[in-house]
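Novice: Below are the structure tokens for one structure; questions will follow.
No lab work stands behind these numbers, since they all come straight from the coordinates. Because the structure is a prediction, the values reported are computed rather than measured. Here the Cβ is made from the backbone with ideal geometry for all residues, glycine too, and neighbour counts use every protein chain on show.
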Amino acid sequence: MPVQESRRIYSPLVVLGGLTIFAPLIDGGTTHLPVLIIRLTLLVAATVWTIASLKSGRITVPWSRLFVPMAIFLGWATLSIVWSPYTAISLQWLLSLFSYALMLFFVLLLVDSPWQVRALMVVILGMGLFEAWVGMYQYLWLRQPRSTGTFFNPNFFATYEVATFAVAFGLLCFRGREDGFRWANPLLWLTALVVGLAFVLAQSRGGLLAFVASGAFIGLSRFGKPFLGILLLGFVLGALVPNPLQQRILAVGTKDPYAFTRLDIWKNSVERIADHPWGVGLGIYKYTSFRYRFPIEGSIARFAKRAESAHNDYLQMAVELGVVGLVMFLVGLGFLGWEIRETLRLGLAPWERGVVIGLSGGILGILTHGAVDSVFHEPAIVLLLCLFAGLILVLRRMRTSGSFSVVEVPFAYRPIRAVLIVVLAALLGILVIRPAAAWYAFDEGEREMAVGRVGHALDWYQWATYIDPGTSSYHDAVAATQVRLYLQSGAVQHLHGAASELQVALELNPLDARLANQLGQLFVLLAEQAPTKTERQALLEEAEGHYEQASRLDPYSPFNYFELGKLQWAQGRVPEAMALFTRATSYEPNFLPARLYLAELLLTTGQKERAASEYTEILNIKERYQARAATSLERQYLEVDLDHLRRSLARVEAS
């Protein structure tokens, strides 16, 4: 076989099969190392293809109607960078979107034979089976409460297994006797059973919804309405036969007090869409969450939970990319659905129909789970989704020879073009490598800090800011380390350095209320070291300004009102301080530090009855919740020293 022909046949397995195998292996592809490898692989493949096209004198692109909404969606996502308040994060999410688009493009470009389709199906089933064995080992031998496979989240593991099960189930439903070798059917049954068991061990409620949608689509496509009886029987058996998924569903609301907050999160997301119909920017949902907290009644800290994702990928898409972005995505899904319908109308071989139905069921399962969770944030799942969609389009192309257009653009070789391609690839490579390199430096700083080498940690954190100056968290880490050095040495220049870094961080990410709060604390510390009264007053005013900014960014947090109230009281502005302490307790009635200061303040203004009432309420709250305080935040809410207030009240009563 000629080398060029061999490359044409095996390149899909190397690029697409390799990515399919690698993507889930390290936390589902979410951490910096797998993201780097995935992006670099696609970038190298794109560069090689472009140079090969240059040598041939033309660029040949297989065309699909799906490319139109996809291009418009990517264009809109790129445009959203303009109004994103945190450019660095939005840019990284944009790179992810283009990576997924490249994955779909390469499926259409590289796969052109039934043998390649079959080989990729083996890879998909093999990875699903591998993940299933890992999940079963975790649950049965390592005694993990829920199987996760190589994913960090059991819900995403469940989604992956649903997609794999759909492929196996589709092939089993439509295979002809002449398809494949005689051991194929037993292997498919084994895969379906093992993957199904692993899915149950993941105990994912959202995954169950995806499983039902996927299985119903495949079963109804093959058996019609009689399959509804099988579905009903499955529900009955699942409800009657004890199993981990059944136990988790029955325990909802008892072991998981936040299980029902998802409805509040969705309602909250709709409010964000109404406030920002054009979107807040890619990846910015979590940073708008400070302003959109919602209470969880019965909790010690009512507004402590901050939804960093919508738990509904469609709502999150609308929040970040606006209604236009969501509409374009849904239009793209409509185009894909049309392609699937047209493919199923063709005269497909039994195994081909099984592949299309199975892949479509897998796509439906992923999209269904996306309506109740954040599965689109998992690279391994989105790459699998792109592979599924691409293989369906490939099968349609193979069965409608001549009806699919191929776009050819003259691309004559010029040395300057080759140079420009290499330069552009290098620049994109830097853009891809930079986040991982900065994270490596930051991680090394974390290691140094863990063993107490604060100076070495500072060096690594500063390297992270040099490599990726647009990420606010690295500047925040430098600031925290400078404060620690100040506490060790008393050198005020460390506080000035920390303030400078935090101001940079807040400029990069002006939505993060934590940065404004930390700046307020820093300026209070600087005021304590000020040599003159004038300088001290100026620094306190800076602190007040940052606490006010933090309270605007995070209006439900009691800490900003509390700290600001203390500053106002220290400067003799009693009514303002009282109003701030009252506001803190109006949002968080169990925030006892504010109640304590409010009671002390009431005593100083002669309102002993109200002060006594606050003292009684503090005692009641401590008695009610003290035994329940499990987290450090809850302890911050409840741990106060009442001795001074108790003595003051006793003196007032005695007089």
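Novice: With viscosity set to 0.890 mPa s at 25 °C, what whole-number translational diffusion coefficient in µm²/s follows for the chain from Stokes-Einstein and a Kirkwood radius over Cα pairs?
Specialist: For these conditions, the coefficient is 87 µm²/s.
Novice: Oh, and also: Within straight cross-link reach of LYS267, meaning Cα distance under 28 Å, which lysines are found once same-chain residues fewer than 8 apart are removed?
Specialist: Partners within reach: LYS255, LYS286, LYS305.
Novice: If you bin every alpha carbon distance in segment 257-369 into 5 Å steps from zero, what whole percent lands in each bin?
Specialist: Using 5 Å bins, I get a P(r) of 2, 11, 17, 16, 13, 11, 9, 8, 6, 4, 2, 1, 0 for segment 257-369.
Novice: Tell me, MET127, MET136, MET103 in order of fewest to most beta-carbon neighbours within 10 Å?
Specialist: Lowest count first: MET136, MET127, MET103.
Novice: Taking the alpha-carbon centroid of each part, what is the distance from segment 201-217 to segment 520-556 in angstrom?
Specialist: Segment 201-217 and segment 520-556 have Cα centres spaced 52 Å from each other.
Novice: Separate question: Over all directions, how big on average is the projection of the convex hull of the alpha-carbon atoms in segment 436-556, in square nanometres?
Specialist: Seen from a random direction, the Cα hull of segment 436-556 projects 7.6 nm² on average.
Novice: How high is the relative contact order of segment 3-410, given as a whole-number percent (alpha carbon pairs under 8 Å, six or more residues apart)?
Specialist: 28
Novice: What's the extension gain from ARG65 to VAL492 if we count 0.36 nm per residue and subtract their Cα-Cα distance?
Specialist: Gain on extension, ARG65 to VAL492, equals 147.4 nm.
Novice: Same structure, new question: When the dipole is taken about the Cα centre of segment 279-435, and only Lys, Arg (+1) and Asp, Glu (-1) are charged at their Cβ, what size is it in debye, to the nearest 20? Present the calculation step by step, with values, prior to reporting the outcome.
Specialist: Details: 15 positive and 10 negative charges, 48 e Å.
In total the dipole reaches around 240 debye.
Novice: Listed highest first by mean packing, meaning other Cβ atoms within 10 Å per residue, what order do 32-45, 202-215, 543-556 come in? Please report the intermediate quantities before stating the final value.
Specialist: Details: 32-45: 19.1, 202-215: 23.5, 543-556: 20.9.
Listed from highest to lowest mean packing, they are 202-215, 543-556, 32-45.
Novice: Per residue of segment 505-520, what does 6.51 cos²θ - 1.76 cosθ + 1.60 with θ = phi - 60° give for ³J(HN,Hα)? Whole Hz please, x for Gly and Pro, Karplus curve as stated.
Specialist: Using θ = phi - 60°, the values come out as 4, 6, 5, 5, 10, x, 9, 7, 5, 4, 5, 5, 4, 5, 5, x Hz.
Novice: Note the full-extension length gain between ILE421 and VAL652 as 0.36 nm times their separation in residues minus their Cα-Cα distance, in nm to one decimal.
Specialist: Net length gain for the segment: 75.0 nm.
Novice: Quick check: the distance between the Cα centres of segment 403-456 and segment 303-337, to the nearest angstrom?
Specialist: Here the two parts' Cα centres lie 28 Å apart.
Novice: Quote the relative contact order of segment 394-535 in percent (integer), defining contacts as alpha-carbon pairs under 8 Å separated by 6+ residues. Can you show the working numbers first?
Specialist: On the way: 117 pairs, mean separation 20.2, N = 142.
It comes to 14 percent, rounded to a whole number.
Novice: Turning to a different aspect of this structure: Starting from the Cα-Cα distance between ARG143 and THR616, subtract it from 0.36 nm times their residue separation and give me the gain in nm to one decimal.
Specialist: Full-extension gain reported as 165.6 nm.
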